[in-house]
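The values are calculated or read from the model by the stated rules, or taken from the named source; none is laboratory data. Owing to the predicted nature of the structure, the values given are computational and were not obtained by experimental measurement. Don't worry about glycine lacking a Cβ; one is built from the backbone with ideal geometry, like all the others, and counts go over all protein chains shown.
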């Protein structure tokens, strides 16, 4: 059996894991699920509660996206490594990934869900992506309960959304400042895991057409969300992430398992 990546397909954390495995040339099969219903699959794969989870062929489950990136890097050939081998550059990259995981990605998620969850039609369209039809049928029936649980667990409310919007803007500015010296990638001349992390996490605010999973017109979520997307797309950090999707995402097509 190949490695199995258990995901919520539209999740930006899952996109980070998916892209990292593909960029490293690690064969895997993706198993997509709907939000909350995914927990059954996570436990079955050996994880705890959250996705992504990588059920490693002949080994234990890896249920944290930075650990999945490290696994992918360890399996990669020299020309496809995601991190510098050692030294200051590697430490800098790992710290940047940690900051993006903690100080950026959760805020993007909260901002998106604040605008998405009132729209049952669009939320269910997003939840349908590569999910088992039976799960999606369950989610359709249980959507009011599901929405309430998601709002509670992720603290999706207006004050939180506003704080998250500010945190997102600060990270965009920090990434833009890092790129001011003209470097092509976040750690210098070589594309790697830090670039994948930022682009994946920023994708819900950028709507890159090269995204392998999301084909939902989130622009219809209303004027505030549209304004946030436009601002993100025009920001130097947003332009950088869009370039990565345009130049790098298709090139990292998943190997056949």
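Quick grid of which residues meet (1) out of contact with any strand residue (DSSP E or B) (no Cβ under 9 Å at 6 or more places or on another chain); (2) over 30 Å from residue 169 (Cα atoms):
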residue: 5; (1), (2): no, yes
residue: 13; (1), (2): no, no
residue: 44; (1), (2): no, yes
residue: 50; (1), (2): yes, no
residue: 90; (1), (2): yes, no
residue: 106; (1), (2): yes, no
### Message
Name the single residue that is modelled with the highest pLDDT among those in region 26-41 being over 16 Å from residue 130 (Cβ atoms) and surrounded by 18 or more Cβ atoms within 10 Å (Cβ to Cβ).
### Response
26
### Task
Go through (1) within 24 Å of residue 250 (Cα to Cα); (2) modelled with pLDDT of 95 or more; (3) surrounded by fewer than 13 Cβ atoms within 10 Å (Cβ to Cβ) one by one and return the number of the condition residue 193 breaks.
(3)
### Task
Any chance you could count how many residues in region 17-54 are part of a strand (DSSP E or B), in contact with a helix residue (DSSP H, G or I) (Cβ under 7 Å, 6 or more places away or on another chain) and under 20 Å from residue 127 (Cβ atoms)?
3
### Task
Just one of (1) assigned to a loop (DSSP other than H, G, I, E, B); (2) within 18 Å of the chain's Cα centre (by Cα); (3) touching a residue at least 12 places away in the same chain (Cβ under 8 Å) trips up residue 57, so point out which.
(2)
### Query
Among (1) part of a helix (DSSP H, G or I); (2) surrounded by fewer than 16 Cβ atoms within 10 Å (Cβ to Cβ); (3) free of Cβ contacts under 8 Å to residues at least 60 places away in the same chain, where does residue 113 come up short?
(2)
#### Entry: Some residue of region 84-91 being closer than 21 Å to residue 200 by Cβ and under 21 Å from the mean Cα position of the chain (by Cα)
no
